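Remarks on the structure that follows.
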Amino acid sequence: MVSCGHFEKSVIDKISHDLLLFFGFPLAVKECSLDLGSFYNPTRRQYDANMILKAISELTSPDAIKTIGLMRVDIYIPILTYIFGQSILNGSAGIVSLYRLRNELYGLEQDNNLLTERFRKVIVHELGHAFGLIHCHNPSCIMRSSTYVEDLDQKNLDFCFKCKTELDRRLSAYRT
Amino acid sequence: MAEKKVSILVVDDEESVRDSLYNWFIDDGYDVECAENAKQALIMLEARDFDIILADIKMPGMDGMEMHRRIKTLNKEPIFIIMTAFASVDTAVQALKNGAYDYVTKPFDPDDLSHLIRNAASHITLREENKSLKERITTLEDVDDLIGESEGMKQVLREVESVAQSNSSVIITGESGTGKELIARAIHSNSPRKYFPLITVHCGALTESLLESELFGHEKGAFTGATFNRKGRFEMADGGTIFLDEIGTISPKMQIELLRVLETRTFVRVGGNKEITSDFRVICATNRDLKSMVKNGIFREDLYYRLNVVNIRIPPLRERVEDIPLLVNHFIRKYCKSMSRDLISVEPAALNHLQKLEYPGNVRELENMIERAIVIGNGKEIKLRDLPMGREVMSSSIESLDDLEKKHIASMLDKYNWNISRASKALNVDRATLYNKIKKYDLKKSDR
Ligand SMILES: [Zn+2]
Ligand SMILES: [Zn+2]
């Protein structure tokens, strides 16, 4: 993973645990060398996720299976007002931002535990896409599409049986 | 829905927009393709069909509107959704009038986009299910009572035809008695929603709290008298159309609630806490001048614009005098049939007289006159003497029992300021009877 902005060790540890549990791969984190300023859109006061994603896929180290950029800034894609994260289906890279996951943004009290939980969910969800999963209709499945933080809170940090089976089938191709 | 993937064609000249939408829809499991201009899209459409087309309205070369027109000539009926920059919303509204399903303003909220596509997709499923039932609509259905050869009425019917296919909100304006409910029914029964209910709410006849539970439903125990759970009208209209008659009478509080429901399509029953989602189309009617109510701060501007995507104005009868003979014949057929009588004719002098009256009560007034003339006449021909001679005669000398009842009820309602409980007590009838009478005589709470 590439982190742009500081993330606490306890958060990184939890993410590392998730990756091992769901995907069976270890996590390596490196600081980001990107100048985010060049992706900033002053009219929208947001950062262009498509451009960042492209830059990140060029940063990928040869031994990495998937690379996810961890952001703290507000990201968007041109057609949508905001996104939580984005990855390319079956692609090698994705990005996820903490920005829109914070309670404070919605006038609620700060809650760091909840924030970390949401962040982990978005990361696992985007990695699911990177490993070829599409959205799932099971309301508690991590692969269900979420456009609000409340949606995120409703789903489990886990794949439903159907998605898990599909994921394992796809993962086995990487293990050989 | 997993059996057959819903297919989407994205048409936009901007590469970043195409890519973003492509990725978004692919993640959602749709079958997606992109075209960078209208010409390319039309070529692709010759090779295969798409369920949904999402097209930018402004493109170099052929624009989205023109493309939509061409697609219609190809005899294909994909769901057409317009994407627009804020500046071209007017054109988007025009597109809705031409039968586009909906429009979105760039950039859109992720949640709006997923709702929009999900609704469109469920429409497609519905359409598939009904394919065997559904013959292509070539003529308007259920418009029997909409009689008229006048230019004004033809215009109304043309508008009904074009707006029926889209999903946009419609306001029907016209004086009382012009047949606003008939127009609402015609729109519904010629729309893709016709296999689902048309739910009518007469907003003017209900108090604020009654209207609230009528629209949103209530949970058992929500208020005294709520002895069981009840579905609201919005819930019942799921998949279909809700017709809000006398929209100009609703209170400021209801205006806010209505706006919220129209924006989110979700609501909570009175006394409940579960969010309920419903997919409905809204048609409103009013005989008031909403625009000046907005100007005077009595009606919310944001709600007005939500509702007023398409405005159909029904001309009063005095503006279409040439339709009177047709209408007279229509009502004669209608009432002779229902009274099991032989068809009767109209004496020329009587018809001539009918074309000179004022009709503040419009078509309904004419209809009542014909019904009455058939009852009191000789059974062969409607004669001049069977008709009221003018305003004064109408109101004084030959008042029917019904007219007296109507007047009395109206005065009691006004006396008790439309408090239904108190008025029904004073009239010594139960509330249901009073509501029925209000409906029968089309009584309205008068403007202060
Ligand atoms: Zn997703
Ligand atoms: Zn699943």
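Quick notes
- Proximal lysines to B:Lys58, defined as alpha-carbon separation beneath 20 angstrom and excluding residues fewer than eight positions away on the same chain: B:Lys39, B:Lys72, B:Lys97, B:Lys106
- Across the protein chains, with a 1.4 Å probe defining accessible surface, the residues B:Trp418, B:Trp24 rank B:Trp24, B:Trp418 from largest area downward.
- Three-way shape label, region A:95-134, alpha-carbon gyration tensor, a/c 1.5: prolate
- Distance (nanometres) between label positions extended 7 Å along Cα→Cβ at B:Lys5 and B:Lys274: 3.5
- Taking a ≥ b ≥ c as the square roots of the Cα gyration tensor eigenvalues, the protein assembly as shown comes out prolate, since a/c reaches at least 1.5 and a/b is larger than b/c.
- With R₀ fixed at 35 Å, the C-beta to C-beta distance from A:Arg45 to B:Lys58 puts the FRET efficiency at about 0.90.
- Mean separation of Cα pairs under 8 Å and 6 or more residues apart, divided by the residue count, gives chain B a relative contact order of 12 percent.
- Relative contact order of region A:35-176: 17 percent, from C-alpha pairs under 8 Å at least 6 residues apart in sequence.
- Whether region B:283-432 is rounded, prolate or oblate, judged on the alpha carbon gyration tensor where a/c under 1.5 counts as rounded: oblate
- Segment B:Asn229-B:Ala426, extension gain: residue separation times 0.36 nm, minus the distance between their alpha carbons: 67.9 nm
- Pairs exceeding 27 Å between alpha-carbon atoms, taken from A:Lys54/A:Lys155; B:Lys194/B:Lys253; B:Lys334/B:Lys415; A:Lys66/A:Lys162; B:Lys383/B:Lys445; B:Lys154/B:Lys180: A:Lys54/A:Lys155; B:Lys194/B:Lys253; B:Lys334/B:Lys415; B:Lys383/B:Lys445.
- Taking 7 Å steps out from each Cα toward its Cβ at B:Ile298 and A:Glu117 produces label points 5.1 nm apart.
- Taking 7 Å steps out from each Cα toward its Cβ at B:Leu326 and A:Arg170 produces label points 6.1 nm apart.
- Pairs of C-alpha atoms in chain B farther apart than 39 Å represent 32 percent of all such pairs.
- Cut-off 14 Å, label 7 Å out along Cα→Cβ of B:Asp342, residues of region B:361-382 by amide N: B:378-382
- MRE, 222 nm, helices only [DSSP H, n ≥ 4, -39500 (n - 2.57), over the protein assembly as shown, to nearest 500]: -13000 deg cm²/dmol
- Working note: Cα gyration tensor of region A:1-115, eigenvalues times five, square-rooted, sorted largest first, giving semi-axes of 22, 20, 12 Å.
- Paramagnetic reach from B:Gln94 (point 7 Å along Cα→Cβ, amide N under 15 Å) across region B:43-68: B:57-59, B:62-68
- If you plug the beta carbon distance of A:Tyr99 and A:Lys54 into 1/(1 + (r/R0)^6) with R0 = 25 Å, you get a FRET efficiency near 0.80.
- Across region B:230-307, C-alpha contacts under 8 Å between residues 6 or more apart give a mean separation that, scaled by the residue count, equals a relative contact order of 41 percent.
- Helix B:15-27 and the long axis of chain B differ in direction by around 80°, with both axes built from C-alpha atoms.
- Remark: mean inter-chain Cβ contacts per residue of B:14-20 equal 4, using a 10 Å Cβ-Cβ cutoff to other protein chain atoms.
The values are calculated or read from the model by the stated rules, or taken from the named source; none is laboratory data. For clarity, every value in this text was computed on a predicted model and none was experimentally measured. Heads up, the Cβs are rebuilt from the backbone with ideal geometry, glycines too, and the neighbour counts pull from every protein chain shown. Note: accessible area is taken over every heavy atom of the protein model, side chains too, but ligands, DNA and RNA are not part of it. Shrake-Rupley method; radii C 1.70, N 1.55, O 1.52, S 1.80 Å.
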